[in-house]
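The numbers here are math on the coordinates, done by the rules we state, and not lab data. On a predicted model such as this, the values are computed, not experimentally measured, just so you know. Backbone-built Cβ (ideal geometry, glycine too); neighbour counts: all protein chains shown.
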Amino acid sequence: FRKRYNFLFDHDLPAEKEKLQKSIKKLKDPNAIEEAKNQITWIDKQLRSNPQKNVESEILRGHIKKEREAAKAGKRPYYLKKSEIRERKLMDKYNELKVRHPEFN
């Protein structure tokens, strides 16, 4: 879904969020204001969850690619556990932080 409709998450949702924030200032009805705030929190949640899911799918894609190559060489397949996916995600996160902030090494 996100591959096909990524343009929504890149362009349309942030623009809609800004439009809602501007409209909140103009609205007088408390119910309409609450509805707009709920919509903004939903958009924030969608925008925050996207990178986390991308990292997980990227890890799985890389592992599956390696497993296919190993299967061609005659090896038995090894399937990642959820805990191993979590570990790899944390390792990627900390490696990225090391690159961004070398003073903390």
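Of note:
- Against the chain, whose longest principal axis is taken from its Cα atoms, helix 82-100 shows a tilt of about 70°.
- Within the range 1-44, trypsin sites (Lys or Arg not before Pro) in DSSP loop having at most 16 other beta-carbon neighbours inside 10 Å: R2, K3, R4, K28
- Positive-end residue of N6, S83, Q46, charge dipole of the chain with Cβ unit charges: S83
- Computed over the chain: relative contact order in percent, which uses C-alpha pairs under 8 Å that are six or more apart: 19
- Note on A71 and N54: the extension gain reaches 3.6 nm, defined as 0.36 nm multiplied by sequence separation minus the Cα-Cα distance.
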